[in-house]
1. Can you tell me which residue among Val405, Val378 is touching a strand residue (DSSP E or B) at 6+ places or on another chain (Cβ under 8 Å), touching a residue at least 60 places away in the same chain (Cβ under 8 Å) and open to solvent by less than 10 Å² (accessible area, probe 1.4 Å)?
2. From Thr122, Thr154, which residue is assigned to a loop (DSSP other than H, G, I, E, B) and over 30 Å from Gly365 (Cβ atoms)?
3. Quick one: which strands (runs of 3 or more DSSP E) lie wholly within region 60-110 and hold at least 3 residues that are of a type in the set (A, V, I, L, M) and surrounded by 12 or more Cβ atoms within 10 Å (Cβ to Cβ)?
4. For region 37-49, indicate whether the set of residues that are without any contact (Cβ under 8 Å) to a residue 60 or more places away in the chain, surrounded by fewer than 18 Cβ atoms within 10 Å (Cβ to Cβ) and closer than 30 Å to Thr320 by Cβ is non-empty.
5. What tally of residues in region 226-263 results from selecting those that are more than 21 Å from Leu183 (Cα to Cα) and touching a residue at least 60 places away in the same chain (Cβ under 8 Å)?
6. Could you list, in sequence order, the residues of region 237-291 that are of a type in the set (Val, Ile, Thr), in a strand (DSSP E or B) and crowded, with 20+ Cβ neighbours inside 10 Å?
7. Working carefully through the options Gly365, Gly385, find the one that is surrounded by fewer than 18 Cβ atoms within 10 Å (Cβ to Cβ) and not in a helix (DSSP H, G or I).
8. Search region 477-498 for residues being open to solvent by 50 Å² or more (accessible area, probe 1.4 Å), free of Cβ contacts under 8 Å to residues at least 24 places away in the same chain and out of contact with any strand residue (DSSP E or B) (no Cβ under 9 Å at 6 or more places or on another chain), and hand back the single one that is nearest to Tyr522 (Cα to Cα).
Amino acid sequence: MTLKLKDLDKPEILIGSGPAAIRAITEAINARKLPEVYVTDGRAVHVEQVSGSATATAGDDDSPLPVTAGEISAASLAALLADHTYTYREKTRKTRNGGAETYREEATPGAQPLAAVLARKTWPGVLPLHGIVGAPVLRPDGTLLQDSGYDRQTGVYLCSKIPLKPVPARPTPKQVAAARTHLLDKFLGDFPWVSDADKANYVGVLVTPILRRYLHSLIPFVVYTATMPSSGKTILTSGPGMLYGQRVLTWTHSDDELRKSITAVLAEQVGSVIFDNLAEGTVIESPVLARLITDRTWADRILGGNKIGGGANDRLWSATGNNLLLGGDMATRTVLVRLDPKVPRPEERSGFKIPGLDQWILEPGNQRLILWHLLVLVIDWTQHGAPRKAGLTPMRQFTPWAEGVGGFLEHHGVAGFLGNIETVRDIDEQDAMWTAFLARWHKVFVTEPQTSSQVRKSAEVAEWGHDQWDGLFLADGRGKPVNEVSLGRRLKGQIGRYHGSFVLRSDQDRHNKIRTWWVEEYSGSPAQPPATPATPARKPVTC
C-alpha cells in the first residue's frame with residue numbers, strides 16, 4: 001500500500017492481535033502522540049473546540065467557553081487515532097511470481113482493545129489537567145498565566161473567552177489609575193448600591209476567578225438581591241459570566257434535583273454558575289448547597305447510570321432575586337451584594353455614564369476592556385507584595401479568600417469589603433426564627449429546665465386566652481405549634497448552637513432517661529448549667 005504524503009508526518013502505530021494493539025495504543029498515548037490529551041483523576045480526557053456554541057444575547061443567557069474537556073471513549077479514541085496517527089496492520093499477499101510480500105493496511109482497532117486501553121487509571125507519560133479557564137489567572141507563585149493553551153506549571157488550560165493583548169508585568173501608574181477610574185467610576189458608578197460594602201463585595205467577586213488559585217481558598221456563595229425588579233442584578237452577574245463563562249440554572253427546593261444539576265454543570269466548562277431570578281422572598285436553604293460551597297471537590301452519581309460524576313469545585317456560585325433570604329448554614333457561607341434604586345420604576349432611570357449597560361456588557365470589546373483593567377489592578381497588587389487585609393471577621397474556610405481579596409481592594413482604595421456581614425445574618429430567616437423563639441423561651445422560663453412536654457404545653461392557648469409565646473413558638477407547615485415529638489427532634493438539632501445571644505442547653509437523667517432543656521443568654525463568660533431538676537410528678541414525654 002502506498003502511503004499518502006499527509007500520512008508520512010503522522011506517528012505510526014502498528015497494531016496486531018488484541019493484546020498487541022492494547023500495548024501499542026497505550027504506549028502511543030503515554031508518548032503523547034495524540035495532541036491535547038491529558039489525564040484528570042485517572043481518566044484520559046481530550047480538550048477540543050466546540051462547534052456551534054450559541055452566543056449570549058442577554059446577560060442571563062448561557063455563555064460557555066469555546067472548548068471542552070471530555071472523557072475519552074472508545075469511539076472518540078478511534079477518531080483521535082484516525083485523525084492524528086497512521087494506525088495500521090501488517091498483512092501478507094501473494095506476488096505475481098508466486099512469492100509473498102508484506103504490506104501495510106490502515107486499520108481501526110476494535111472496540112474491545114480500545115475500551116481496555118481506557119480502563120487503566122495510570123498514565124505516567126500524560127500531562128495532568130487540573131482545569132480549563134476562560135481568562136488569565138494568577139498562578140500560585142504570583143505570576144500571571146496569560147498564554148493560551150496548556151500551562152505545565154499549573155496543569156491549567158487557558159482558552160480565553162475574550163482574546164486579550166498581553167498585560168504588562170509592571171503596569172505604569174497611569175495604567176493603574178485608568179483601570180481604577182474605568183472600573184470603579186464608569187462601569188460600576190451608576191449602580192444603586194445599598195452601601196459601600198455592596199460595591200466592594202462585587203468588585204471582590206469580579207476579581208475572584210483570577211485570584212482563586214493564587215489564594216488556594218474556597219469561595220463563598222454570592223447572593224445578588226434587590227428591593228425591586230430592573231435594579232441591575234443581571235448586569236452584575238453577567239460581569240463575571242461574560243468574562244469567565246457562565247451557566248444559568250433554575251433554582252429548586254428539591255435537594256435531589258439540586259444535586260443532579262450541580263453534577264451536570266460541573267461537567268461543563270464555565271467559570272460562573274448562576275441560579276437566576278429566584279422568586280421574591282425565596283429562602284436559600286439547602287444542605288446540598290452548603291456542602292458544595294465548603295468542599296473542594298464534588299462527586300455524585302450521574303443520572304441514568306451507576307457512574308460517578310463531578311470533579312474539582314472551581315466555579316463561582318451565585319443566585320439572584322428580589323428580597324432573598326438565607327436559611328440553614330448558608331448565612332455563614334454567603335457574600336451579599338444588594339441594590340436599592342429607591343424609585344417605583346427603576347427601568348425608567350436615565351443619565352447613566354454608560355447608557356444601555358445591559359447590552360454594552362455583551363460586546364466583546366467592552367468585556368475585553370473590563371478584563372484588561374482587572375488584570376492591570378491584579379498585577380499592580382502583586383507588584384506591591386500582594387498585601388492581605390487584617391482585622392476582618394473570620395469567615396471559616398473562606399478566611400484566606402477574604403484576607404486576599406480584602407487586601408487587593410484596600411490596596412486600590414475600595415472601602416467597605418464585607419461590611420454588611422451583619423446584614424447577611426439578619427436575612428438568615430431560620431436563625432431569626434430560632435433567635436426569636438429562644439429569646440421568648442428565656443423570658444418565659446428564664447433558665448429553669450423544662451421537658452419537651454412542659455414546653456409544648458406552655459404553647460396551648462384557650463380561645464381568647466393569652467399566648468405567652470406571642471406567636472413565636474415553633475410552627476408546623478400549617479402554622480400550628482409543633483407537637484411534642486417534633487419539638488424534641490428539632491431541639492436536639494440546636495443544642496449548643498447560638499442564635500443571637502441565646503443558646504439551647506440540654507441534659508438527660510441517667511436513671512429515668514428524662515431529657516430536659518433550658519436557654520442561656522451569653523453574658524461574655526461561660527455560664528454554669530443549672531442542676532438537673534427532680535423528676536416531675538407527672539410523666540413527661542421523652543424526646
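1. Val378
2. Just one listed residue meets the conditions, Thr122.
3. Correct list: empty, since no element meets the threshold.
4. no
5. Total meeting the criteria: 8.
6. Val248, Val273, Ile274, Ile284 - these are the residues of region 237-291 that are of a type in the set (Val, Ile, Thr), in a strand (DSSP E or B) and crowded, with 20+ Cβ neighbours inside 10 Å.
7. Being surrounded by fewer than 18 Cβ atoms within 10 Å (Cβ to Cβ) and not in a helix (DSSP H, G or I) holds for just one of Gly365, Gly385, which is Gly385.
8. If we take residues in region 477-498 being open to solvent by 50 Å² or more (accessible area, probe 1.4 Å), free of Cβ contacts under 8 Å to residues at least 24 places away in the same chain and out of contact with any strand residue (DSSP E or B) (no Cβ under 9 Å at 6 or more places or on another chain), then Gly493 is nearest to Tyr522 (Cα to Cα).
The values are calculated or read from the model by the stated rules, or taken from the named source; none is laboratory data. All figures in this text were calculated on a predicted structure; none of them were measured in a lab. Backbone-built Cβ (ideal geometry, glycine too); neighbour counts: all protein chains shown. SASA here: full protein model, heavy atoms, side chains in, ligands and nucleic acids out. Shrake-Rupley method; radii C 1.70, N 1.55, O 1.52, S 1.80 Å.
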